[in-house]
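Engineer: This structure is in structure tokens; I'll ask about it shortly.
No value in this document is a laboratory result; all are computed from the given coordinates. Only a predicted model underlies this, so the values are computations on that prediction, with no experimental measurement involved. A quick note on method: Cβ atoms are made from the backbone with ideal geometry, for glycine too, and the neighbour counts reach across all protein chains shown.
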């Protein structure tokens, strides 16, 4: 066991070795780590099997629920991990894998991650994190300033203030959104007269005290699925998350929002928060934030912006105007593990007012004492790692202008690809990119013509066949393992809001070249040929429609 | 910028380099990483400054809220991190730092962490995690089996079932506890007739439907502070978390629990969950789980065990009997980043019944489709990293008997230290160890005698002076940086339940030797001498009490 000696015994001495003696320079694990450090892409190319193994078969390798009674040598286990786990993991950083929001990572973050993990700080309190606490507060300050652009005296006063907090670092956007809505809910149902506040007395008494029949959070119908989860957890109920209709570019209609609020109030339902989306998950569109802010101001309603994906756009002076109005939000979610190129597990929520989080502040005897600067008194999570260090390092090494370049090239690449798709006779661009996301599908000109001329049931039928084809192509392309686009379902106005399955592309990886984009289309054309029966059905129906219309 | 070339420019070419070209073999970052890999303890000893710098001074290094406009060279920034961050971080793995629940890490986890981070999988869905999904399900299965000991057919049927879940991997114990109570709340207020369930309609309507006046979760007065946070988030309110009194070993009194439940029901308050603590944070005591289970069964109440700290004890066949009754729990929290020696950020909650999590299941269009095996449909968090890989590797390389040895030696070391303290004429053991935690304070025999003989105000006064001394010693010892114990406040019955500040010691680091323990006491004796005024006051009051009593 434990380091690579030929005795697989379990003695206390051998156990101590794993805490004191590193793997030798020639050990399997060291060799692998070195290869990975020298050339990550090559390592992944060599070790990740391209062709997809069926999940059922992979599961066979992970079917034993017993904790082993025999220790394994580190070298043997490392080989086992390479064979069963690494080989069947997803090559998220491959430039041809353009279906995810997870892309390549800067190299310097890998050794820094190791240092962060070796330090094993716990950010819940100063006593187990020391300098990591002010560092995390600074990172939150930097993101706060990126959004709200307050002046130096503001940050000097609040950034390190024990009883205030500019936000919370958390494991991801979901926890960030829950935190924002938690704060908003507690501020909306705060202590008042005899009532001690929802945090103390709970939601039932709060509702009775305030005399509401219900609570509501409003968001466009394109809001992230996790918001339903947030509404459930917070006791508002999924039905309390009210979907507002969007325009044909997936952006909330302010008029519809205002009307919904009026309707809710007429039913004595309190709309305590509105969420603006800055970068929808499916198409990367941005709500009209200024207009939402105006409505929230006049309704005294918390305005939260879910910029988990799009927030990084603020780094670009050329494109930050797309998010105009975000500075009017009461709170904003940004995921650093998306377009800030940080490894998985780095979400943040920022609050405009340094005292906003008072409504969720908590203390205890042995930890988070009042007046302490312990970060844990303002976070939903307890023990947390020092991930903020990686954001801090990336901010310094890449710098704002560096991020600007990355953001700009992503958006421009998406625009290029959109144009390119539009020039193809056999593809249809379904949503054009506002950020670096776009959607499209395989739709040859004569089929498009048929779809346009078709009516009623025939339209639906033809569309359904096309959906099947899109699904087939996406799945086969993923399984083949050379490239990857994701898929989703949209309801484009130009096709009468029919359920339309589309390829979804996220172009955040700076290594994705124009050649790769062409190859992705080429590959999809080839895969189409592998569905002759489906194509025959489509052609037949299309001919029928055209013949009828002439 | 960006790799170590002498041009600190921001061009797209230089940006591409950070995604494609690793730091050179002679770079500062590579050198540092290598040193750390060769000898972690030496690296930390060399780089972490022993003597504590005041937080206010550290904050000066982290005071700029502007995102840099100039990129920094990786080498320069690495040096900056060493000087400002690493040097003032906490040496959590030092064998003389015995105040935390964070201890040393096995060496092999460091290179494995780097591989995990480089793979950058997202466990929310199969498409971005592939083999990591079955791996995480297996890890959950292993922990489930450790607790519930079901047979092979059970795990064959449920471990990889798309519509079931044996638990959730999460960032830590707090999220694990919230998840358990979320499930319990939703099961207690489930769909019924016209009512669509609390998850859909929210807490207010649920309470009206079921006709309750309130909800309650019961836990001993020694329950973790995060449970209050959970009660707040879930809309129950902190007052809905009802504290039940404990015996003189910090264990919940089952009789008092049963009485509280009866009282609550008489007020039409629904006690929907009881939490048993398996390893209190302050003293490591374990509630009588079997007796709690019986009460929960007869009350049809969800029984959750918070074994964030103590759960790992199940690995030891010699001590797992301490947690007898845990197998009767409906859900259990275990933190792998505590006594399973995994880096920060590895919590888990396990559910006895594979369908328990149905009540929080969620789906969406483009992700977590029904019937998919995506882990995200049963987790509070969304995007998550592949931390489960580290638990999996440690289970295989250390194995159950290896963990048994680690657990056994921790408990036995704590027993040794307790005996050792009791033999000292100038220290008082305040709580003896059930697991590897104990508390004590500096209390020379003649002062103890005075404290015993004192009455009323004089007892309080003397005790208060002793509290001041304990605080002083703990703080000075931490600041000096040679060793570290934490402190907390207890109310020992032998001192009439007076607020008593004590040193708190957690002996989980296998490298902590008996010599180190003696040195910790030695150092404390020396520090006492640095408080001559306080000692003089204590001596004077003690003499006065003794004189009066004779």
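Engineer: Would you mind computing Rg(Cα) / (2.2 N^0.38 Å) for the stretch A:403-549, counting N as its residues?
Structural biologist: The stretch A:403-549 yields a ratio of 1.07.
Engineer: For the protein assembly as shown, take every pair of Cα atoms, bin their distances at 20 Å starting from 0, and report each bin as a whole percent.
Structural biologist: 12, 43, 35, 8, 1, 0
Engineer: Figure the gain on full extension for residue A:497 and residue A:455 (residue separation times 0.36 nm, minus the Cα-Cα span) and round it to one decimal in nm.
Structural biologist: Full extension of this stretch gives 13.8 nm more.
Engineer: Mind checking the alpha-carbon convex hull of the stretch B:1-89 and giving the volume per residue in Å³?
Structural biologist: Once divided by residue count, the hull of the stretch B:1-89 is 107 Å³.
Engineer: Can you give the FRET efficiency for residue B:79 and residue A:12, using 1/(1 + (r/R0)^6), R0 = 51 Å, r = Cβ-Cβ distance, to the nearest 0.05?
Structural biologist: So, using R0 = 51 Å, E works out to roughly 0.85.
Engineer: Sorted by average packing, counted as other Cβ atoms within 10 angstrom per residue and highest first, what order do A:494-507, A:136-149, A:168-181 take?
Structural biologist: Taking the mean over residues of other Cβ atoms within 10 Å, the ranking is A:168-181, A:136-149, A:494-507.
Engineer: Mind listing the label-point distances from residue A:355 to the same position on all other copies, shortest first, one decimal in nm, points 7 Å along Cα→Cβ?
Structural biologist: Residue A:355 label point versus its equivalents elsewhere: 5.1 nm.
Engineer: Follow-up question, since we're still on this one. Which single residue of chain A puts its beta carbon nearest to the axis of rotation relating A to B, and what distance, in whole Å, does that give?
Structural biologist: With distances in whole Å, chain A gives A:235, 1.
Engineer: Which peptide among B:38-47, B:483-492 comes first, and what is the full order, when sorted by highest mean count of other Cβ atoms within 10 Å?
Structural biologist: So the order, starting with the most tightly packed, is B:483-492, B:38-47.
Engineer: Continuing with this model, one more query. Taking 37 °C and 0.692 mPa s as the conditions, I'd like the Stokes-Einstein D for chain A in µm²/s, using the Kirkwood hydrodynamic radius from alpha carbon pairs.
Structural biologist: Result for D is 126 µm²/s.
Engineer: Run the numbers for residue A:419 and residue A:370: contour at 0.36 nm per residue of separation, minus the present Cα-Cα distance, in nm.
Structural biologist: This chain segment gains 11.9 nm when fully extended.
Engineer: Per DSSP H run of at least 4 residues, take -39500 (n - 2.57); add these up for chain A, divide by its residues and hand me the 222 nm value, nearest 500 deg cm²/dmol.
Structural biologist: Result for chain A: -14000 deg cm²/dmol, rounded to the nearest 500.
Engineer: Another question about this same structure. For residue B:46, place a label point 7 Å out from Cα along the Cα→Cβ vector, do the same in each other copy, and report the separations in nm, one decimal, smallest first.
Structural biologist: 2.9
Engineer: Between the label point of residue B:415 and that of the same position in each other copy, find the distances and list them shortest first in nm, with every label point placed 7 Å from Cα along the Cα-to-C-beta direction.
Structural biologist: 7.3
Engineer: A further question on this structure: Restricting to Cα pairs below 8 Å that are 6+ residues apart, what does the relative contact order work out to for chain B? Please round to a whole percent.
Structural biologist: 17 percent
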